[in-house]
Amino acid sequence: MAFENLSERLQKAIRMFRNGGKITEDDLKAPLREVRMALLEADVNFKVVKDFVATIRERAVGEIVNEGLTPGQQIIKIVNEELTKLLGGTQSKLAVSPKPPTVIMLVGLQGAGKTTTAGKLANMLRKKGKHPMLVAADVYRPAAIKQLEVLGAQLNIPVFTLGDKVSPVEIAKEAMAKAHSMNYDTVIIDTAGRLHINEELMGELRNIKAAVSPHEILLVVDAMTGQDAVTVAESFNNDLGIDGLIVTKLDGDARGGAVLSVKAVTGRPVKFVGMGEKLDALEPFYPDRMASRILGMGDILTFIEKVQSTTDMAKALEMEKKLRKNEFTLEQFLEQMQQIKKLGPLENILGMIPGMGGIAQKLKETDVNEKEFAHIEAIIQSMTIKERRNPEIINGSRRKRIAAGSGTRVQDVNRLLKKFEESKKKNLQASFGHRTNLRPAAGPYGFAEEQQKSRLRRV
């Protein structure tokens, strides 16, 4: 999970505050030492760490603890604000050309994940109503063009290519003509990976930039490379001029130092982060939300957005009707589980919910997400249609047959049936409990969107 180690250390530091009244220099020594070590171990740039700790000390010393707040809560407020600033302050959105198409140029080192990211970005923009076209301008890496074509086919997004015998500059020019003729409003150019010290290839990028005048030049960096990613960002920015970064593989980096350092060092914001291998695992980067997540305060807004984007409203409303009629079956139970699965790894989702970070880590260690879902699917799919719709008929002999057919134990079948009955009761209670809140624009749990936002504001 992203920032896992850093999150644990920072929360540990904050728990060191015990006394009330004013926060003194002595109160800060041990916690700030822990904060400094946490950031350095997360591979955050040394100067960035030094300035961050100094700012926290300056703001905290002499701060009077408000009535009803603990010193720890006061410090959380300060750290949260400064961490948000360090991460970029506010979300940095993509530039959009008033006269289509908007041209986005992806650059970066070899192996950073540019081609896959190009597909993810195109997929995200299409969901927002855009009509993107991918451009295969990597003529050096074997199978790079084929990879982009495969991604395009999977996503049903057009890919422009002239093969690997034409110069990338010419490909970019021809792609623009194609975009104008076909009315594509977004062009995403996938360039070849290169070392920032390779002057010839860097010159090629400058030529592409001059030829098509991209509205966004986004540097794709691998979070796992730590401070090297920041060094690369600084070099590309000085040589080419970048507008922002996309940090890939953040879900696999427990440190996250690159994301914490890059804005302070380069002045360029992180615009998107890759949080998995799936083609929908690209998220806009919100500094305030990420700071909240790091400090163990959760990220409810992103959680709600994920739920709303992956939920089939027609199915959700139909399911609610069945719940009210007490017609909820194992078929709907399976559908509900599959909806949860679409949200992504369970440990990441729980990390967005305040106070659930520790549980998320335990789930990660036990691999409960994948294994549990696989067992449930296998068991339900081993049932007959009649059994799925009428689980009360599943007697001992039927349970043995289902267990044998799913490759599980009878105990597993028993546990699933018990969980189903519990889930059915909870869903029924929730459905009736929020009956008056149901609207056509409501989320999957029967809460209207405006009501959700109102409750969040109160929190």
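Throughout, read-outs are computed from the coordinates displayed, never taken from laboratory work. Computed from a predicted structure; not experimentally measured. Every residue, glycine as well, gets a Cβ built from its backbone with ideal geometry; the counts of neighbours run over all protein chains shown.
List of remarks:
- Sites E200 and K173, calculated FRET efficiency, Cβ-Cβ separation with R0 22 Å, nearest 0.05: 0.65
- Shape category assigned to segment 82-121 from the gyration tensor of Cα positions, a/c cut at 1.5: oblate
- In order along segment 47-61, the Karplus-derived 3J(HN,Hα) couplings, from 6.51 cos²θ - 1.76 cosθ + 1.60 at θ = phi - 60°, round to 5, 4, 4, 4, 5, 5, 5, 4, 5, 4, 4, 4, 6, 7, 4 Hz, and Gly and Pro are given as x.
- Virtual spin-label span in nm between E58 and N80, 7 Å along Cα→Cβ: 2.3 nm
- Computed E for K99/D239 - FRET, C-beta separation, R0 25 angstrom, nearest 0.05: 0.30
- Remark: spin-label model distance R33-R389 equals 6.9 nm, labels positioned 7 Å along the Cα→Cβ axis.
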